Amino acid sequence: MRFTYLFICLLYSQISLAELRGTGDLGLIIEREPAAVQIISTSTQTSLSHITGLGDLSHASVVYSRDARYAFIFGRDGGLSKIDLLKNKIDKRIIQAGNSIGGAISQDGKLIAVSNYQPGGVKVFSSETLELIADIPATYAPNKRSKVVGLVDAPGQKFIFSLFDANEIWILDLQEPQKPKIQKFSNIGKQPYDALLSPDGRYYIAGLFADNGLALLDLWSPEKGVKRILPDYGKQDEKLPVYKMPHLEGWAAAGNLMFIPAIGQHEVLVIEQSTWQLIKRIPVLGQPVFVMARPDGRQVWVNCAFPDNGNLQVIDVKDLSVKKHLQPGKAVLHMEFTPRGEHVWVSARDDNRVLIYDTQSFKEIKRLPAKKPSGIFFSSRAHKMGL
């Protein structure tokens, strides 16, 4: 009896010493050169743990399980890593390809899709076990496979992606995972390099590196095919060297307006969604990389490619003009808003730090050390489409 009592007391003391934590305010900071991540808390603005051994993170991206407990990291070396945010450890890691560029999680949270450069195609895995479910080669000609870009999840248990070398968009339907269905759209424009999904999941828009305009697919009416929007944009403009490709998944939507980084120009394009017409070109300091809206849609934050990558600019959506210029440090690579937008976290890779700004006053409120930080991904992404 006494032994049982002592055992219960000991067990209780261990439980009381353990830190209970939800996952809704957690996130990851990618550290490129150490091949590591920091697990952070947005509420306490602190780093909780450091996880190493994650391979090539030079172009890493992250999605979250629907309960926001697990983070899935897509590495450039073909690595797919599952991180347990509560146990602060790698749950499982596999090498699934030779060169990868990102991934997505399905509508029901059960499938993880990875887009691959080498070999070109998409592989789909169980989010629970990382067991291979489907292998979709991006074949477009005899013995030819395309790089896959712009992979996003979409309603109806679907994934959508673009074929860079084939000039195509594919819809992958996995309502029956063992019997995948593919719908292909050809001649959508030359060299689609990235894509975005509108927040409501209706429109898929691919940027075109070697063509004018953008390729638009209405997922409510895919039978109408792919439409070219802004076909005349940039025809008369001087083509500038492209030091870094814009990231369309970091695009911004505010009301009926879309804000998209212009490729090869020092501009942000403002498009009216009802007509898909360009209504304004907003000059910025350099070639925009990420163009991201604060959750309430009032502000759009823009960073730039080299040699202007020490700058951040803030566009006021009310009058479509730049209202603030910040210089967080050398090589600003990524931004991430807290779920309700009161703060934004910014990585300055070459200064080895992450900065936190108040989005109302624009004051810097904290710095966190990080080794060559790049992407910042909060667990609130678990409940958004197209990320």
Scan region 131-145 and report the pairs whose first residue is free of Cβ contacts under 8 Å to residues at least 24 places away in the same chain and whose second residue is aromatic (Phe, Trp, Tyr), with Cβ atoms within less than 7 Å and a gap of 6+ or a chain change.
GLU131/PHE125
Is one or more of the residues making up region 320-332 in contact with a Gly (Cβ under 9 Å, 6 or more places away or on another chain) and touching a residue at least 60 places away in the same chain (Cβ under 8 Å)?
no
Return yes or no: is ASN303 crowded, with 21+ Cβ neighbours inside 10 Å, part of a loop (DSSP other than H, G, I, E, B) and in the same structural domain as ILE263 (by TED's automatic domain parsing)?
no
Selection over region 50-83 where residues are buried (at least 17 other Cβ atoms within 10 Å of the Cβ) and in contact with a strand residue (DSSP E or B) (Cβ under 6 Å, 6 or more places away or on another chain) yields a count of 20
I'm trying to understand the selection: among the residues of region 79-117, which are closer than 18 Å to ARG32 by Cβ, at pLDDT 95 or above and touching a Gly at 6+ places or on another chain (Cβ under 6 Å)?
GLY79
Has region 218-239 got any residue that is surrounded by 14 or more Cβ atoms within 10 Å (Cβ to Cβ), modelled with pLDDT of 95 or more, over 27 Å from VAL62 (Cα atoms) and of a type in the set (A, V, I, L, M)?
yes
Count of residues meeting criterion [under 25 Å from the mean Cα position of the chain (by Cα) and within 21 Å of LEU278 (Cβ to Cβ)] in region 213-234:
11
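If we keep just the residues of region 176-203 that are closer than 19 Å to VAL289 by Cα and of a type in the set (Ser, Thr, Tyr), which is surrounded by the most Cβ atoms within 10 Å (Cβ to Cβ)?
Pass one, region 176-203, residues closer than 19 Å to VAL289 by Cα: 191-198.
Checking the rest, the ones that are also of a type in the set (Ser, Thr, Tyr) come to 193, 198.
Working: TYR193: 21, SER198: 18.
For region 176-203, the residue satisfying everything is TYR193.
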For region 320-368, the count of residues that are assigned to a loop (DSSP other than H, G, I, E, B), in contact with an Asp or Glu (Cβ under 6 Å, 6 or more places away or on another chain) and either among the charged types (D, E, K, R) or under 27 Å from LYS384 (Cβ atoms) (or both) equals 3
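The values are calculated or read from the model by the stated rules, or taken from the named source; none is laboratory data. Predicted model, so just to flag it, every value in this text is computed and none were measured. Cβ coordinates were reconstructed from backbone atoms using ideal geometry, including for glycine residues, and neighbour counts include every protein chain displayed.
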